[in-house]
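Taking it in order: structure first as structure tokens, then the write-up.
The values are calculated or read from the model by the stated rules, or taken from the named source; none is laboratory data. In this text the structure is predicted, and so the values were computed from the model without any measurement. Glycine gets a Cβ as well: all are built from the backbone with ideal geometry, and neighbour counts include every protein chain shown. Just the protein is used for accessible areas: all its heavy atoms, side chains included, with ligands, DNA and RNA removed. Shrake-Rupley method; radii C 1.70, N 1.55, O 1.52, S 1.80 Å.
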Amino acid sequence: MTLQQLVRPNILAMQPYTCARNEYSGEARAWLDANENSMISGLNRYPDPLQTEVKCRLAGIRGVDVANIFLGVGSDECIDITYRTFCRPGVDNVVAIEPTYGMYSVCAAINDVEYRPVLLHDDFSIDEEALFAAVDANTKVLWICSPNNPTGNAYPLEQLERIASRFEGITVDFSTIGSMVPRLRRLPRLIVMQTFSKAWAAAAMRLGVAYAHSDIIGIFNNVKYPYNINILTQREALKVLDAADEVARVAGSLVSERNRLAETLLRLSVVKEVYPSDANFLLVATTDADGLYAWLRDKGIIVRNRSRVVLCEGCLRITVGTPDENAMLIDAMAAFPHG
């Protein structure tokens, strides 16, 4: 299928909103186009609608062109704009692995798009044949989260590329490690989503990224609201990107702490299993998830109860904290009276 066949007809036919800032690059002598308050300086000007400086910095880090980058208000906007671009409400459907990140199904419901979950194997690997058995002529998007949430495991790059090559619609790989970005050149229907929240340690900033073929990014830019990323976020993003070396160093420390935490958790009587993780969290099977969750909550230690998620029965999802936070967690779990 061509991109034109995948995009909603009304999106292809629409006349997108444009502003003078889209049509001019550089520093003007006088900005008299946007009805701003010219008498007070500071935050009186609208931000760059295409976030060019941030994208240039990201392009150098990820090895892509600026035209391959879309920035959204968190990854949630990137997810939502994918639905709004490709899926006709009440007609089209999407397929996703199950269990996975909950916003895929939430955004499907908001956009009136049928959501088809496909159960993972018991070891959380992808059942490829079941995945494609759920696909039909109206399946526009395939969602794969890697490392997956809440299971924590990443999928082999060869498998993700095989799935993306086989599927005729849009394959979205939500990745915290950027592994599929170099494959965009040979997979024109692939979208790789990332967030500044995890690896970049900037969750408060609410900035998400989608990497894709320039034709897809161009359509996303037509669909998004004109000034979706405010100037404060753009400034902070540049500061975060300037600290790329420090972020990489901290990521290594986080992995070491994750491995140490997993080993320590396994010694506790309340813990049945700690699943392998490629993320900054651990999925932990316990003897009493509801009781342990409440016990920790009452002690001011907040984790995520995933015990009602399919394949995750009896499990808590625990984010890797600082060494002090992890020690506090271990002490509280060791004292759980029903362990």
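Of the residues Tyr115, Tyr104, the single one that is part of a strand (DSSP E or B) and hydroxyl-bearing (Ser, Thr, Tyr) is Tyr115.
Can Glu77 be described as within 27 Å of Val141 (Cβ to Cβ) and touching a Leu at 6+ places or on another chain (Cβ under 9 Å)? Yes, satisfied. Filter the range 280-295 down to the residues that are assigned to a strand (DSSP E or B) and under 18 Å from His338 (Cβ atoms) and list them by number. Passing the criteria: Val284, Ala285, Thr286. Residues in the range 118-132 that are free of Cβ contacts under 8 Å to residues at least 24 places away in the same chain and touching a strand residue (DSSP E or B) at 6+ places or on another chain (Cβ under 8 Å): 3 in all. Across the range 17-50, the qualifying residues are those that are open to solvent by less than 100 Å² (accessible area, probe 1.4 Å) and in contact with an Asp or Glu (Cβ under 9 Å, 6 or more places away or on another chain), and the one among them that is farthest from Val66 (Cα to Cα) is Asn44. Determine, yes or no, whether Val181 is touching a Lys or Arg at 6+ places or on another chain (Cβ under 6 Å), open to solvent by less than 10 Å² (accessible area, probe 1.4 Å) and closer than 25 Å to Ser277 by Cα. Against the criterion (touching a Lys or Arg at 6+ places or on another chain (Cβ under 6 Å), open to solvent by less than 10 Å² (accessible area, probe 1.4 Å) and closer than 25 Å to Ser277 by Cα), Val181 qualifies. All conditions but one from (1) open to solvent by 50 Å² or more (accessible area, probe 1.4 Å); (2) touching a strand residue (DSSP E or B) at 6+ places or on another chain (Cβ under 8 Å) apply to Glu168; the one that does not is (2). Against the conditions (1) outside any loop (DSSP other than H, G, I, E, B); (2) modelled with pLDDT of 95 or more, Asn153 satisfies every one except (1). Being under 19 Å from His338 (Cα atoms) and either touching a strand residue (DSSP E or B) at 6+ places or on another chain (Cβ under 6 Å) or not polar (S, T, N, Q) (or both) is the requirement here; does Asp298 meet it? So Asp298 fits the description; yes.
Can you name every residue in the range 297-332 that is part of a helix (DSSP H, G or I), in contact with a helix residue (DSSP H, G or I) (Cβ under 7 Å, 6 or more places away or on another chain) and open to solvent by 40 Å² or more (accessible area, probe 1.4 Å)? It would help to see each step written out before you state the result.
Pass one, the range 297-332, residues part of a helix (DSSP H, G or I): 297-298, 323-332.
Within this subset, residues satisfying the condition of being in contact with a helix residue (DSSP H, G or I) (Cβ under 7 Å, 6 or more places away or on another chain) are 323, 326, 330, 332.
Scanning the range 297-332 gives a single hit, Pro323.
Phe70 meets all of the listed conditions (1) part of a strand (DSSP E or B); (2) surrounded by fewer than 19 Cβ atoms within 10 Å (Cβ to Cβ) but one, namely (2).
Return a yes/no flag: does the range 85-107 have any residue that is small (Gly, Ala, Ser), open to solvent by less than 70 Å² (accessible area, probe 1.4 Å) and at pLDDT below 95.
no
In this structure, is Glu53 out of contact with any Gly (no Cβ under 7 Å at 6 or more places or on another chain), open to solvent by 20 Å² or more (accessible area, probe 1.4 Å) and of a type outside the set (A, V, I, L, M, F, W, C)? Please lay out each step first, then the result.
Numbers: out of contact with any Gly (no Cβ under 7 Å at 6 or more places or on another chain): yes; open to solvent by 20 Å² or more (accessible area, probe 1.4 Å): yes; of a type outside the set (A, V, I, L, M, F, W, C): yes.
Judged against the criteria, Glu53 is a match.
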